[in-house]
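Report on one structure; see the data block that follows.
The values are calculated or read from the model by the stated rules, or taken from the named source; none is laboratory data. Everything numeric here is computed off the predicted structure, so don't read it as measured data. Ideal geometry is used to build each Cβ from the backbone, glycine not excepted, and the neighbour counts take in all protein chains shown.
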């Protein structure tokens, strides 16, 4: 089995849920039709009209109407297009938690109202075409708590697993029967309270892992069982290009940004303006650094740490990957903007020491809250779903071609 | 190097992401948010009965609840991290979050939590337990977590000198009752320190003054009434908008004339909601014939909203002249209330009913009211609303309204049958913002209009 097969499962689950929504509504429509037939108590032909007051596609209403109509007929009711015939008015409405199918029989004072509810489900996310390189987005995991970071585990001889870091715990999941099941977890204990906008980084090396958290470093292993110990720490967080560790950066105490201390090996320590995220890509035999600063600009430094320009059009999360497709090292960057707007991640590559968009932006319905490198040509992006407020982690895979 | 930087800018501005403004996605720490309110809050005591909307806003900044609610109204852990109950759902145990301190530094102990809950929860005995509190209800109380997410669950401590302390994201640094408040960030807030350093609130400011101060950069957040929407939102100004959760309705006095159902129905049928909505409300919110808004109930569309002037005239014509003359009171603190009342009087005159419009008339036959929805649970919201509008006996809230939409619709229909209350609109709360105001992962207003300032950050603040 391909080690990534498990990653596709949540995506399939999402698609299945969407299909189930339609099935639930049609089933609810049939239930309501049986109630209507019982309440109508007439053999007179009725005029059926249908309308929609909820969000969603017109095809949804068509399916519901067809199911409703078929069930009315199977209950012995006759339908007609004749104006003036007794009317059955079907409305697809919704409230916070449910779709509501409402049937109105008769008019005004004589009106009889019947209702049936079906739980609301997820909405679909439109795909975005990619013109040059392809940045693919695959859903890996979704949960109510913020996902700080996530990594796949594949110790030799063991089935693939999923290690998830959230503010409460590190949890290990295993694939069982087509979906991930939590196997073990260890609580995260911070030496002080979490800052708002919590951040965390998870690094797995064989059987051992490190969880970088604000003011705290946790170390653990995933086999033979998940164990972890956390202690207060001012250690720097890793700055990487794909799988290559290029430096360390210190997170500011009680805040959501790095304080500007950067340590590289070799090269020693640097003091830069504070930044939200840093990335480095290989360029002409040395690293080219990108730091998304607090003023909304991304600042560039060459391998000698000389300023090499600024970028105004990126947001505050970056991830550096390793060179691919014969092009300079790609950087993934989120779009600037408020949380209330749909977000996007786009790949940029180096051409003659300048960055040009390498892929179409990959859209997210809500804000991207974490973006970390997760392999030579891939990254993990976590986005908040605006309707449910749940957090979804996606694997972003940069591939050659268009 | 300079050439390289220039090239970056040129390429990126034309091909990357499109025309987005320059703003980082992640929030900044620091800065003081300046807010102006119409309402004047005279007390910081969250247990004070009939807290005004402005006072409830302030409470949300200073205090936490034992139980929170998520965006769909379901209970979620807050100061209580878990709870359980006995099979009869009469005895409940709530385990407290550890390490919480009040703003005055005192720890949130089971004893302190029990005292706070006991002060606000009726019909139950509250006692401290090992690491939480136990609540014994007189009768089964399956909705206790939801109840504790509302006023009954507010956690506070009262010091011997009478000062009240909360555990919320902000704490009081300066307090001038009814005029001015300065709140500072709770550095140890359990959900994370707010991004803002401080919030300054000026109370009792008229809508006009708020907008002027916003224009002049003296305020960051200003309330916008329905009539100010265009002005407040001009030049692409950002706004916070709640769901249309405030009911605007006519409520007939139970103790005054107008006891004849016909005059109430005639008045209800005379009102041209669509014209008022388009002109006076500038299409903010939704036209409504129900007590609950459509987005909450899903069935509000079943209640009629179109005028029927012919029937209204026939009903009014059958009444003696004295019964066709009524007084209508409005609250000038409610945005656009006078304009709405006067427009309703014009509609009523067309049906042959005379309305004498006046402000704050305690002897009026009917009042124009604006009442907020208190809960995202439709049954609870309807029970609360009917109680506040004087329809309590009809809704029987103490027995618990049924949650099924069909039964809820039947209950609401019964409440409206006598036309004692005539729903007109549901309107949102809208705030205009200065350009530097941003929020992180959650809007500045909840669906029901509560302020969520812990997630607000200011663009030019220094970290």
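I'd like the residue in the stretch B:6-19 that is at pLDDT below 50 and crowded, with 17+ Cβ neighbours inside 10 Å and, out of all such residues, is nearest to residue B:211 (Cα to Cα).
Result: B:12.
Condition test on residue B:285, is it under 30 Å from residue A:114 (Cβ atoms) and modelled with pLDDT of 95 or more?
no
Among A:204, A:248, A:217, which is in contact (Cβ under 8 Å) with a residue 12 or more places away in the chain, closer than 17 Å to residue A:168 by Cα and surrounded by fewer than 22 Cβ atoms within 10 Å (Cβ to Cβ)?
After ruling out the rest, the residue left standing is A:217.
Can you name the residue in the stretch B:196-238 that is modelled with pLDDT under 90 and part of a loop (DSSP other than H, G, I, E, B) and is also farthest from the chain's Cα centre (by Cα) among such residues?
B:237
From the residues in the stretch A:17-37 that are within 14 Å of chain B (Cβ to nearest Cβ) and at pLDDT 85 or above, which one is nearest to residue A:96 (Cα to Cα)?
A:28
Would you say residue B:419 is in contact with a helix residue (DSSP H, G or I) (Cβ under 8 Å, 6 or more places away or on another chain), part of a strand (DSSP E or B) and at pLDDT 90 or above?
no
Can we say residue A:131 is out of contact with any strand residue (DSSP E or B) (no Cβ under 6 Å at 6 or more places or on another chain), at pLDDT 80 or above and under 25 Å from residue A:364 (Cα atoms)?
For residue A:131, the condition - out of contact with any strand residue (DSSP E or B) (no Cβ under 6 Å at 6 or more places or on another chain), at pLDDT 80 or above and under 25 Å from residue A:364 (Cα atoms) - is not met.
Report, by residue number, each residue of the stretch B:277-308 that is out of contact with any strand residue (DSSP E or B) (no Cβ under 7 Å at 6 or more places or on another chain) and more than 14 Å from chain A (Cβ to nearest Cβ).
B:278, B:279, B:280, B:282, B:283, B:307
If we keep just the residues of the stretch B:297-329 that are within 18 Å of residue B:423 (Cβ to Cβ) and surrounded by fewer than 16 Cβ atoms within 10 Å (Cβ to Cβ), which is farthest from the chain's Cα centre (by Cα)?
Taking the candidates together, the pick is B:306.
So residue A:209 fits all but one of (1) surrounded by 17 or more Cβ atoms within 10 Å (Cβ to Cβ); (2) under 27 Å from the mean Cα position of the chain (by Cα); (3) within 14 Å of chain B (Cβ to nearest Cβ); (4) farther than 19 Å from residue B:26 by Cα; what number is the exception?
Unmet for residue A:209, out of (1) surrounded by 17 or more Cβ atoms within 10 Å (Cβ to Cβ); (2) under 27 Å from the mean Cα position of the chain (by Cα); (3) within 14 Å of chain B (Cβ to nearest Cβ); (4) farther than 19 Å from residue B:26 by Cα: (3).
For the stretch B:37-153, please list each of the strands (runs of 3 or more DSSP E) lying entirely inside it that holds at least 1 residues being more than 26 Å from residue B:448 (Cβ to Cβ) and at pLDDT 90 or above.
Answer list for the stretch B:37-153: B:80-85, B:91-96, B:124-128, B:132-137.
State which residue is surrounded by the fewest Cβ atoms within 10 Å (Cβ to Cβ) when the search covers only the stretch B:422-452 and only residues that are in contact with a helix residue (DSSP H, G or I) (Cβ under 6 Å, 6 or more places away or on another chain) and within 12 Å of chain A (Cβ to nearest Cβ).
B:442
If a residue must be surrounded by fewer than 19 Cβ atoms within 10 Å (Cβ to Cβ) and either more than 16 Å from the chain's Cα centre (by Cα) or without any contact (Cβ under 8 Å) to a residue 40 or more places away in the chain (or both), how many such residues does the stretch B:56-86 contain?
The qualifying residues number 9.
Let me confirm something: among B:338, B:311, B:380, which residue is in contact (Cβ under 8 Å) with a residue 12 or more places away in the chain and away from chain A (no Cβ under 14 Å)?
Within the list B:338, B:311, B:380, the selection yields B:338.
Looking only at the stretch B:154-189, filter to residues that are part of a loop (DSSP other than H, G, I, E, B) and free of Cβ contacts under 8 Å to residues at least 40 places away in the same chain; which one of those is surrounded by the most Cβ atoms within 10 Å (Cβ to Cβ)?
B:187
Do we have residue B:250 as in contact (Cβ under 8 Å) with a residue 24 or more places away in the chain, more than 14 Å from chain A (Cβ to nearest Cβ), assigned to a helix (DSSP H, G or I) and touching a helix residue (DSSP H, G or I) at 6+ places or on another chain (Cβ under 8 Å) here?
Judged against the criteria, residue B:250 is not a match.
Return the residue satisfying two criteria in turn: it lies in the stretch A:183-197 and is buried (at least 16 other Cβ atoms within 10 Å of the Cβ) and part of a loop (DSSP other than H, G, I, E, B), and of such residues it is farthest from the other protein chains (Cβ to nearest Cβ).
Within the stretch A:183-197, the match that is farthest from the other protein chains (Cβ to nearest Cβ) is A:188.
Only one of these is buried (at least 22 other Cβ atoms within 10 Å of the Cβ) and at pLDDT 90 or above: B:248, B:279. Name it.
B:248
Which condition does residue A:152 not pass, out of (1) in the same structural domain as residue A:385 (by TED's automatic domain parsing); (2) outside any loop (DSSP other than H, G, I, E, B); (3) modelled with pLDDT of 95 or more, if it passes all the others?
Unmet for residue A:152, out of (1) in the same structural domain as residue A:385 (by TED's automatic domain parsing); (2) outside any loop (DSSP other than H, G, I, E, B); (3) modelled with pLDDT of 95 or more: (3).
Within the stretch A:308-335, restricting attention to residues that are in contact with a helix residue (DSSP H, G or I) (Cβ under 9 Å, 6 or more places away or on another chain) and assigned to a strand (DSSP E or B), which residue is nearest to the other protein chains (Cβ to nearest Cβ)?
A:309
Quickly run through the stretch A:154-178 and pick out the residues that are buried (at least 20 other Cβ atoms within 10 Å of the Cβ) and farther than 29 Å from residue A:192 by Cβ.
Scanning the stretch A:154-178 gives a single hit, A:161.
Looking only at the stretch A:292-307, filter to residues that are under 20 Å from residue A:244 (Cβ atoms) and without any contact (Cβ under 8 Å) to a residue 24 or more places away in the chain; which one of those is farthest from the other protein chains (Cβ to nearest Cβ)?
My answer is A:303.
Has the stretch A:261-272 got any residue that is assigned to a strand (DSSP E or B), more than 8 Å from chain B (Cβ to nearest Cβ), at pLDDT below 80 and buried (at least 18 other Cβ atoms within 10 Å of the Cβ)?
There is no residue in the stretch A:261-272 that is assigned to a strand (DSSP E or B), more than 8 Å from chain B (Cβ to nearest Cβ), at pLDDT below 80 and buried (at least 18 other Cβ atoms within 10 Å of the Cβ).
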